[in-house]
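Each remark here refers to the structure printed beneath this line.
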Amino acid sequence: DSGVTQTPKHLITATGQRVTLRCSPRSGDLSVYWYQQSLDQGLQFLIQYYNGEERAKGNILERFSAQQFPDLHSELNLSSLELGDSALYFCASSGGGGNEQFFGPGTRLTVL
Amino acid sequence: KNEVEQSPQNLTAQEGEFITINCSYSVGISALHWLQQHPGGGIVSLFMLSSGKKKHGRLIATINIQEKHSSLHITASHPRDSAVYICAVRSNGNQFYFGTGTSLTVIP
């Protein structure tokens, strides 16, 4: 158990819908990272937050947004969902920007 | 062109064998990570390194910054080592790039 929690575990929804994925980092970790893992593209970095501020942005689509709240949990919002958004979404946390990351169990999103 | 290349893509070994997985990257980095992903999907960070060599139990990771190359070694491999091993780098521009992974199967 990494200490990082993600909810929900599984999510099935329809095209055009909007969903919110939630991540709670390990106690004391200030950085949260979001990743997408799909069958055709592998793991991709989406975005990083550090203590509530956006620190780095990767291949995050404009339809996606994220934020980190004062209690350090983070949410990833995915809107206008398309079939190609079906993937595993991982959250990871670390104590700082350059430290080892601890991964959550992931949320499996299926868009029908 | 991928920023991170791994080899081999697939690897089958007999229990007890010494295993090496290679990773080459093309960008300037601040750190390199080796990750392990089991069939259930969970990801575990094995190593984070920026120079030299690290060892955890039967696992050893090395990095050569000048050659932009890293290796992950598993000594005395065991069936429980069967997993996908992923190399990832954090670039100097604060981006993360991932290799496509090496699928390892260790046969008893």
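Estimated from the Cβ-Cβ distance and a Förster radius of 22 angstrom, the FRET efficiency linking B:Asn92 and B:Gln66 is about 0.90.
Other protein chain C-beta atoms within 10 Å of residue C-beta, averaged over A:30-38: 1.
Peptide B:67-79 has a mean shielding of 0, counted as Cβ atoms of other protein chains within 10 Å of each residue's Cβ.
Pairs of Cα atoms in chain B fall into 5 Å distance bins, from 0 up to the last occupied one, in shares of 3, 13, 24, 26, 19, 10, 4, 1, 0 percent. In segment A:19-103, the inverse of the mean reciprocal separation of distinct Cα atoms equals 12.9 Å; this is its Kirkwood hydrodynamic radius. Peptide B:33-46 is shielded by partner chain Cβ atoms: per residue, an average of 4 of them sit within 10 Å of its Cβ. From the alpha carbon centroid of segment A:38-91 to that of segment B:69-108 is 23 Å.
Under a cut-off of 22 Å between alpha-carbon atoms, report the lysines in cross-link reach of B:Lys68, not counting same-chain residues fewer than 8 places apart. Of all the lysines, those that pass the test against B:Lys68 - Cα under 22 Å, at least 8 places apart if same chain - are B:Lys1, B:Lys53, B:Lys54, B:Lys55. For A:Ala56, the amide hydrogen comes within under 5 Å of the amide hydrogens of A:Gln48, counting only partners 5 or more places away or on other chains and with H modelled in the peptide plane. Using the empirical formula 2.2 N^0.38 Å as the baseline, the Cα radius of gyration of the protein assembly as shown reaches a ratio of 1.01.
Phi-derived couplings, Karplus 6.51 cos²θ - 1.76 cosθ + 1.60 at θ = phi - 60°, listed residue by residue for segment B:76-86: 6, 4, 9, x, 5, 7, 4, 4, 9, 10, 10 Hz, with x used for Gly and Pro.
Couplings 3J(HN,Hα) of segment A:4-19, computed from phi: 9, 10, 9, 9, x, 6, 10, 8, 10, 8, 10, 4, x, 7, 10, 9 Hz, in residue order, whole Hz [Karplus 6.51 cos²θ - 1.76 cosθ + 1.60, θ = phi - 60°; x for Gly and Pro].
Each of B:Thr102, B:Thr62, A:Thr110 was scored by other Cβ atoms within 10 Å of its Cβ. Arranged with the fewest first, they read A:Thr110, B:Thr62, B:Thr102.
Using only side-chain charges placed at the Cβ, +1 for Lys and Arg and -1 for Asp and Glu, the dipole size of chain B relative to its Cα centre rounds to 280 debye. Farthest towards the positive end of the charge dipole of chain B, among the residues B:Gln14, B:Leu72, B:Thr102, is the Cα of B:Leu72, using unit charges on the Cβ of Lys, Arg, Asp and Glu. Other residues within the sphere of radius under 10 Å centred on the Cβ of A:Ala66, judged by their own Cβ, net out at -1 (K and R +1, D and E -1). The H on the amide N of B:Phe47, modeled in the peptide plane, is under 5 Å from the matching H of B:Trp34, each at least 5 residues off or on a different chain.
Each reported figure results from applying straightforward, stated rules to the coordinates on display, with no laboratory input. Remember, predicted model here, so these are calculated numbers, not experimental data. Don't worry about glycine lacking a Cβ; one is built from the backbone with ideal geometry, like all the others, and counts go over all protein chains shown.
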